[in-house]
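Taking it in order: structure first as structure tokens, then the write-up.
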Amino acid sequence: TKNSARYTQNVSGDPSGYGYSYVKTVRLTPGQPQMTIAHVLTNTGKKDIVTRVYCHNFLTLGTGNENVAITAPFAIKAEKPFAADAAEVDGKTFRYLRAVQENESVTSPITGFGDSASDYDFKIVNTQTGFGQRIRADQPLAQINFWSIRTNVSWEPYIAISLKPGETKRWTYTYDYFGPGEG
């Protein structure tokens, strides 16, 4: 449509016993700097589907990422230490201390979240320009990976899926975009 695109994938008759119907709808919210991605997954096979799903969320908010900060509603814990001069975690905020260099990455599994969907609410902002993105979902977190290179930031929250044959799961990601003084 003018404001949305829907993608459908159906897999059936697989000799492994797995089958599903998956529908993803990407929608721009009229009159707002917002995008939603709604998902519907139905298990049409003979076996349970048990997995985790995520979005890469590759984001660039300017040249380099030395001015990028990510805020969560919980105390962020990096499971793998960042290079001491590259990035730091301070309570609910992750921030870069310098630009990520060519052929370098800043990465770690992230913990500290609880089992409520309210913990799936992140703000990523370029502290120099004020431009940013808020990422939310209507499901609890199962896992978070953080990965970045010189050109982008990738905050990768996962949700859990467990479907018996015939069951359906629905979930939605909401992305709000903002400029200086709006976030």
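Scanning the range 53-65 for residues that are open to solvent by 50 Å² or more (accessible area, probe 1.4 Å) and either in contact with a Phe, Trp or Tyr (Cβ under 9 Å, 6 or more places away or on another chain) or at pLDDT 85 or above (or both) returns Tyr54, His56, Phe58, Thr60. None of Val50, Val68 is open to solvent by less than 60 Å² (accessible area, probe 1.4 Å) and under 20 Å from the mean Cα position of the chain (by Cα) except Val68.
Looking only at the range 102-123, decide whether some residue is within 17 Å of Glu182 (Cβ to Cβ), within 16 Å of the chain's Cα centre (by Cα) and open to solvent by less than 60 Å² (accessible area, probe 1.4 Å). Yes, because at least one residue in the range 102-123 is within 17 Å of Glu182 (Cβ to Cβ), within 16 Å of the chain's Cα centre (by Cα) and open to solvent by less than 60 Å² (accessible area, probe 1.4 Å).
Among the residues of the range 136-150, the ones that are in contact (Cβ under 8 Å) with a residue 60 or more places away in the chain and open to solvent by less than 30 Å² (accessible area, probe 1.4 Å) come to 3 in all. Annotation note: of Phe146, Phe94, the sole residue that is outside any loop (DSSP other than H, G, I, E, B) and touching a Ser or Thr at 6+ places or on another chain (Cβ under 7 Å) is Phe146. Out of Ala99, Ala75, Ala84, one residue alone is open to solvent by less than 60 Å² (accessible area, probe 1.4 Å), small (Gly, Ala, Ser) and modelled with pLDDT under 95. It is Ala99. May I ask you to list pairs of residues, at least six apart or on different chains, whose Cβ atoms are under 7 Å apart, with the first in the range 74-95 being in contact (Cβ under 8 Å) with a residue 24 or more places away in the chain and the second being among the charged types (D, E, K, R) and part of a strand (DSSP E or B)? Hits for this filter: Phe82/Glu88; Arg95/Glu88. For the range 27-84, a tally of residues being in a loop (DSSP other than H, G, I, E, B), among the small types (Gly, Ala, Ser) and closer than 15 Å to Trp171 by Cβ returns 0.
Of the residues making up the range 155-173, those that are out of contact with any Ser or Thr (no Cβ under 6 Å at 6 or more places or on another chain) and part of a strand (DSSP E or B) are Trp155, Glu156, Pro157, Tyr158, Ile159, Ala160, Ser162, Leu163, Lys169, Arg170, Trp171, Tyr173. In the range 92-106, what residues are small (Gly, Ala, Ser) and under 14 Å from Val68 (Cα atoms)? Residue satisfying the conditions is Ala99 alone.
Of the residues making up the range 3-26, those that are over 13 Å from Asn43 (Cα atoms), assigned to a strand (DSSP E or B) and either among the hydroxyl-bearing types (Ser, Thr, Tyr) or open to solvent by 40 Å² or more (accessible area, probe 1.4 Å) (or both) number 6.
The values are calculated or read from the model by the stated rules, or taken from the named source; none is laboratory data. Values in this document were obtained by computation on a predicted structure and should not be read as measured data. So basically every Cβ, Gly included, is an ideal-geometry build from the backbone, and we count neighbours across all protein chains shown. For accessibility, only protein heavy atoms count, side chains too; no ligands or nucleic acids. Shrake-Rupley method; radii C 1.70, N 1.55, O 1.52, S 1.80 Å.
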